[in-house]
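Reviewing the structure listed below.
Throughout, read-outs are computed from the coordinates displayed, never taken from laboratory work. Remember, it's a predicted structure, so these values are computed and weren't measured experimentally. FYI the Cβ positions are ideal-geometry reconstructions off the backbone, even for glycines, and counts take in every protein chain you see.
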Amino acid sequence: MYIGCGVFPVTVALIRLCFWYPNLCKVEFNYSGWTSNHGMQLDKHGLQVFSSCCTSLTDLTLSFCTNVDDSGLRLLACFKKLMSLRLNTLPAITSSGLLQVAIGCKNLSSLHLIGCNKVGGAMWLEYLGRFRSLKELVVNRSFSCESLVDLTLARVSTKKEIGLRYLLRKCKALKNLCLYYVLGVQDNDIVTLSNNCSNLTSISLRLTPEFNEGHVFRTSLTDHSLKALALRCSKLQSFELIFWGCDEIWPEIGFTQEGLVMLIQSRPIRNLVLSGAHIFDDEGMKAISSAQFL
């Protein structure tokens, strides 16, 4: 269902629509080109009515809804079945309202943020990455993350230049990074991290084999990532590396034992966790026993 500028009064129209179509699951509100002659836009009162009578909603788009602020955004948490949310040019919303959506919409798997320039914090992003089932995240010039210190992304997909790499270029103050089974992560992402995040003190990587360029089935990161961390992340103190689904006989791991030893010996690593690292043997243990800070 598409609802634009011509629907007025929108609250009354929503009541009727939900009565006529009780199983409505996909709705788009788009006020592009709106003028005062069109009447009132959707606001928190309209969203309150909508959330109470459209219980089957799974897909929602809000575009150019200038009257929707954080108090209205919080009402989206009432849509317990919501799986896909697109917010396009909502100038009044902030990270506070977005956090309430992240907490309340437990089934959210796709989130698009475009032109939401007041979204400044990143707690909502950490919450989605750590506790929820987010599979698709699109952010276009929506929030400032120069002061972001902690970042956790779990079970999401990233693409070249427009995904994780783009985000890491902005995270100048990042200290703690957790990447848990991020599909598509590559060496160039970690190189970007090391080039831009000189304050990094902790990194946690959880990897599983996937098909990479050349159709090689292995974990996506290689010793190039370890070398970048060793060269530029001089404050790195905690390193966690967990592999899942890697065969013991043919490990399908992109790292080598030599690369791991090189990183551990060259940085002030105090806390080290290796799990499922079948490439690491007694020789590796002997080599890291001389690490100064471990």
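Taking θ = phi - 60°, what integer Hz values does the Karplus form 6.51 cos²θ - 1.76 cosθ + 1.60 yield along the stretch 265-281, in sequence order, with x for Gly and Pro?
These are the phi-based 3J(HN,Hα) values: 7, 8, 10, x, 5, 9, 10, 10, 10, 10, 9, x, 8, 5, 7, 9, 10 Hz.
Once a ≥ b ≥ c are taken as the square roots of the eigenvalues of the Cα gyration tensor of the stretch 84-180, is the result rounded (a/c under 1.5), prolate (a/b larger than b/c) or oblate (a/b not larger than b/c)?
Working: a/c = 1.33, a/b = 1.11, b/c = 1.20.
Verdict is rounded for the stretch 84-180.
I need the per residue convex hull volume for the stretch 1-144, using only the alpha carbons, in cubic angstrom as a whole number.
88 Å³
With springs only between Cα atoms under 10 Å, which of 173, 77, 13 fluctuates most in a Gaussian network model of the chain?
Highest fluctuation among the options: 13.
From the phi of every residue in the stretch 219-236, what ³J(HN,Hα) in whole Hz does the Karplus formula 6.51 cos²θ - 1.76 cosθ + 1.60 yield, where θ is phi - 60° and glycine or proline is x?
Once θ is set to phi - 60°, the couplings for the stretch 219-236 become 5, 6, 8, 10, 4, 4, 5, 5, 5, 5, 5, 5, 7, 10, 9, 6, 9, 5 Hz.
First check a/c for the stretch 146-294, with a ≥ b ≥ c the square roots of the eigenvalues of its C-alpha gyration tensor; if it is under 1.5, answer rounded, and if not, answer prolate when a/b is larger than b/c or oblate otherwise. Let's see the in-between values first.
On the way: a/c = 1.90, a/b = 1.10, b/c = 1.73.
Note, shape of the stretch 146-294 comes out oblate.
Can you compute the helix-only [θ] at 222 nm over the chain? Use -39500 (n - 2.57) per DSSP H run of at least 4 residues, normalise by all residues, nearest 500 deg cm²/dmol. Mind dumping the intermediate values first?
Working: 10 runs with 86 residues, N = 294.
Mean residue ellipticity, 222 nm, calculated: -8000 deg cm²/dmol.
Can you list residues whose amide H is under 5 Å from residue 276's amide H, if they're 5+ apart or on another chain and H is modeled 1.01 Å from N?
Under 5 Å from the amide H of residue 276 lie the amide H atoms of 243, each far enough along the sequence or on another chain.
If the elastic network links every pair of Cα atoms under 10 Å, which of 217, 255, 29 fluctuates the most in the Gaussian network model of the chain?
Comparing 217, 255, 29 in the GNM, the peak value goes to 217.
Under 5 Å between amide hydrogens, which residues at least 5 positions from residue 178 or on another chain qualify, with H placed 1.01 Å from N in the peptide plane?
Here 151, 152, 153, 204 satisfy the definition.
List the lysines whose alpha-carbon lies under 29 Å from that of residue 26, not counting same-chain residues fewer than 8 positions away?
44, 80, 81, 106, 118, 135, 159
Given a Förster distance of 51 Å, report the FRET efficiency between residue 282 and residue 150 from their Cβ-Cβ distance, rounded to the nearest 0.05.
According to the calculation, E is roughly 0.90.
Determine the sum of side-chain charges near residue 237: Lys and Arg each +1, Asp and Glu each -1, restricted to other residues whose C-beta is under 11 angstrom from that of residue 237. Could you put the intermediate results ahead of the total?
Values: positive: 175, 235, 267, 270; negative: none.
Residues close to residue 237 contribute a combined charge of +4.
Considering the chain, what Rg and Dmax in Å follow from its alpha-carbon atoms?
23.0, 77
What's the magnitude of the charge dipole for the chain around its Cα centre, counting Lys and Arg as +1 and Asp and Glu as -1 at the beta-carbon? Answer in Debye, nearest 20.
Details: 29 positive and 23 negative charges, 189 e Å.
With Lys and Arg at +1 and Asp and Glu at -1, about 900 debye.
Show the residues, 5+ positions off or on another chain, whose built amide H is closer than 5 Å to the amide H of residue 255.
none
Cα atoms only: what Rg and Dmax, in Å, come out for the stretch 144-231?
Taking only Cα atoms of the stretch 144-231, I get Rg and Dmax of 12.4, 38 Å.
Relative contact order of the chain: what whole-number percent is it, with Cα pairs under 8 angstrom and at least 6 residues apart? Spell out each step's value before the answer.
Working: 656 pairs, mean separation 27.4, N = 294.
Here the relative contact order equals 9 percent.
Counting other Cβ atoms within 10 Å, keep those with at most 15, restrict to DSSP loop, and tell me which trypsin sites (Lys or Arg not before Pro) in the stretch 184-268 are left.
Working: sites: 206, 218, 227, 232, 235; in loops: 235.
Here the sparse-neighbourhood loop sites are 235.
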